[in-house]
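Let me begin by presenting the structure, written as C-alpha cells, before commenting on it.
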Amino acid sequence: MALVDDQKGAKVGRLFRATSMAHDLEKEAAARASMRFVSDGQVVGLGSGSTAAHVVELLGERVRAGLKILGIPTSNHTKELAASLGIRVVTFDEVQEIDVTIDGADEFDPQLSLIKGGGGALLHEKVVASASRQLVIVTDSSKQASVLGSFPVPIEVIAFAQPLVKKKVEALGASVTLRQSHGATFVTDEGHHILDCSFGRIPDPPALARKLSDMPGIVEHGLFIGMASVVLIAKGSEVTELLRDR
C-alpha cells in the first residue's frame, strides 16, 4: 500500500511540475507580447509578481539594446530587479503621469475586472495603475474566470483596525485569513498587514469594491475595477488580446 501511495504521490508531483512549467512558459509568452506597448522615451509602470518579472527582464534586454525609458516600480523587489537590469528607476517626485503600466493579475473576468495582490504589492500597484494612461495585464491561462472569486481578495489594513475590519468583512460573507510569511505576519512595503478574504463567487465586483473602499481601516483592496485597458492571455504558445469595453 505504501508503495502505491508513493507512486501516486510521485505522479501527482510530476503533473504539478509540468503544469507549473507550462504556466511559466505562458507567462513568458504574454510578457513578450506586451513589449509592443512600450516605445522609446516612455514612462513605464513596472508591475510585481512572477509574470511581471518576465516583463522587467525583457525590458532590461531592450534597454541594454538602446531603449530609453523611465520605470516606476510597484514594489521594492521590482525596484531592485529593474535597477540591476539597467532600467532607470524614478518616483512620483519626478513624474506624475505614466504612459503604460504592464502588470500581472491573480484573476480576471470578462469585463476585465481584476483580483490582484497575491504578491502583497496591491497598494503600490493600484496607485501606479491609477496614474497610467494604459494598463496592460499579462497572464497565463489559469487566471481567466467567468466570475471572480476563486482567488481570495487581498485587503491591506492598518494593524490598529485589523480586528474590526476582519469582523466587518466576515459579515459580508467572506472567510478571512491574516497573511503569513515564513512563520510571521506578512508586512507590506508600507508597513501594513494583509487580510486574504475568500468570498466565493463575486457576481458584482464593483459593488463589493465600493463596500470595501468605504470601510475605515482598509488602506486598499485587491479589486481593480475599470482599470485594465487590455489583457494579454497566453494559452500554450498563443497569446490572445482582450480589450475592455469603453
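Read the figures in this text as sums done on the coordinates, not as results from a lab. Keep in mind it's a predicted model, so treat the numbers as computed, not measured. FYI the Cβ positions are ideal-geometry reconstructions off the backbone, even for glycines, and counts take in every protein chain you see.
With a Förster radius of 22 Å, plug the Cβ-Cβ distance of Gln42 and Glu241 into 1/(1 + (r/R0)^6) and report the FRET value to the nearest 0.05. Let's see the in-between values first.
Details: r = 19 Å, r/R0 = 0.88.
Once rounded, the FRET efficiency stands at 0.70.
For segment 166-244, run through the GluC sites (Glu not before Pro) and keep only the ones in DSSP coil with at most 16 other Cβ atoms within 10 Å of their Cβ.
Numbers: sites: Glu170, Glu190, Glu220, Glu238, Glu241; in loops: Glu190.
Those satisfying the criteria are Glu190.
Using 7 Å Cα-to-Cβ label points, what is the Ala207/Ile225 separation (nm, one decimal)?
1.0
Calculate for the chain the 222 nm mean residue ellipticity that helices alone would give, adding -39,500 (n - 2.57) per DSSP H run of length 4 or more and normalising by residue count, nearest 500 deg cm²/dmol. The partial results should precede the final answer.
Values: 6 runs with 85 residues, N = 246.
Counting only the DSSP helices, I get -11000 deg cm²/dmol.
How about Lys168: which aspartates and glutamates have a C-alpha closer than 19 Å to its C-alpha, ignoring those fewer than 8 places off in the same chain?
Here the aspartates and glutamates satisfying the reach criterion relative to Lys168 are Glu156, Asp196, Asp204, Asp214, Glu220.
For Thr177, Thr188, Thr91, which order do you get if you count the other beta carbons within 10 Å of each Cβ and list the fewest first?
Numbers: Thr177 13, Thr188 22, Thr91 9.
Ascending number of Cβ neighbours within 10 Å: Thr91, Thr177, Thr188.
For the cross-link pairs Lys167/Lys211; Lys27/Lys68; Lys126/Lys235; Lys126/Lys211, which exceed 19 Å when the distance is taken from alpha carbon to alpha carbon?
Values: Lys167/Lys211 14 Å; Lys27/Lys68 24 Å; Lys126/Lys235 26 Å; Lys126/Lys211 17 Å.
Long pairs (Cα-Cα over 19 Å): Lys27/Lys68; Lys126/Lys235.
Subtracting the Cα-Cα distance from 0.36 nm times the residue separation, let me have the gained length for Leu164 to Arg133 in nm, one decimal. Provide the component values of the computation, followed by the final result.
Numbers: separation 31, 0.36 × 31 = 11.16 nm, distance 3.59 nm.
The Leu164-Arg133 span can extend by a further 7.6 nm.
Work out Dmax and Rg for the chain from the C-alpha atoms and quote the Rg first, both in angstrom.
Values for the chain (Cα only, Rg and Dmax): 18.8, 65 Å.
Determine ³J(HN,Hα), in whole Hz, for all residues of segment 87-92 in sequence, where each value follows from phi through the Karplus function 6.51 cos²θ - 1.76 cosθ + 1.60 and θ = phi - 60°; x replaces Gly and Pro.
7, 6, 9, 10, 10, 6
Give me Arg62, Arg133, Arg36 sorted ascending by neighbouring Cβ count inside 10 Å, so fewest comes first. Don't skip to the end; give the middle numbers.
Details: Arg62 16, Arg133 13, Arg36 9.
Ascending Cβ contact count within 10 Å gives the list Arg36, Arg133, Arg62.
For the residues Asp189, Asp103, Asp196, what sequence is obtained by ranking on other C-beta atoms within 10 Å, fewest first?
Neighbour counts put them in this order, fewest first: Asp189, Asp196, Asp103.
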